[in-house]
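To start, the structure under review is shown below, and the notes come after it.
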Amino acid sequence: MTARPSPHEVGRSLLRQLPLLVGLVVLWMFLWNQLTVLSLVSGVVVALLVTRVFFLPPVELSGRFNLGWAVVFLGRFLFDLVVASVEVAWKAVRPAGVRSNAIVAVQLHTRSDFIMTLVAEAVSLVPGSLVVEADRERSILYMHALAVEDADGVEEVRASVLGFEKRIARALGSEDDLRRIAAGVPATDDATTDRSSADVPVNEKRKGVAS
């Protein structure tokens, strides 16, 4: 029989998972669109239930947090949110309409599942883009982007996603994340995951672009 963890070990485990617990509580309150004592308490209960009962893969945190870069990320995110909302509204009502969309594969630099998840969530919250698939093994996000008509549009989408990755990594990424982003090193060095292979879904989509 395996020994039961001591109260001290349980406390340390909860402390390590505190950022995840806080994130789950915030997400719960956003889902209910309420800032009340009841939503806070129920969020804490649900977060503890999820992390204690259901199996979750281990989330490795870098152990660093830069408040300044976190503010920069939040400010840029709100700016992108407003600008994208106006752009999507205009594209929806303009006479030309939306003539084409695209699926864009974005090769990330970080190996962190946590940062990859934050990037996917942040990008999906901005109107006009949505993560349709995440390749965890190769750290590739497949984005559905609105009104992408040429190769320049594809590169704009890719640059936007990598910008999110850079700002999030500067706020709470590891030194390895920062080094890889600064050097432009992809998350994996396998030959099978170079830029040409990552672009396959984009090329296939652009052969017959559909709304």
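Summed over segment 33-48, residues that are exposed (fewer than 13 other Cβ atoms within 10 Å of the Cβ) and either modelled with pLDDT under 80 or within 21 Å of Glu121 (Cβ to Cβ) (or both) total 2. Condition check for Leu78 on (1) at pLDDT below 85; (2) outside any loop (DSSP other than H, G, I, E, B): one failure, at (1).
Tally up the residues in segment 160-211 that are among the acidic types (Asp, Glu), part of a loop (DSSP other than H, G, I, E, B) and modelled with pLDDT of 50 or more, please. Explain how you work it out, then say what you get.
Start the filter on segment 160-211 by keeping residues that are among the acidic types (Asp, Glu), which leaves 165, 175-177, 189-190, 194, 199, 204.
If we keep only those that are part of a loop (DSSP other than H, G, I, E, B) too, we end up with 189-190, 194, 199.
From the residues that got through so far, the ones that are modelled with pLDDT of 50 or more too are 189.
Total meeting the criteria: 1.
When we screen Arg136, Arg167 for residues that are surrounded by 19 or more Cβ atoms within 10 Å (Cβ to Cβ), closer than 17 Å to Val185 by Cα, charged (D, E, K, R) and within 13 Å of the chain's Cα centre (by Cα), the only hit is Arg167. Here is a check on your reading of the model: is Leu61 surrounded by 12 or more Cβ atoms within 10 Å (Cβ to Cβ), part of a loop (DSSP other than H, G, I, E, B) and modelled with pLDDT under 90? So Leu61 passes the test. Of all residues in segment 101-122, one or more are surrounded by 23 or more Cβ atoms within 10 Å (Cβ to Cβ), among the hydrophobic types (A, V, I, L, M, F, W, C) and assigned to a helix (DSSP H, G or I).
The values are calculated or read from the model by the stated rules, or taken from the named source; none is laboratory data. If you're wondering where the values come from, they're calculated on a predicted model, not measured in any experiment. FYI the Cβ positions are ideal-geometry reconstructions off the backbone, even for glycines, and counts take in every protein chain you see.
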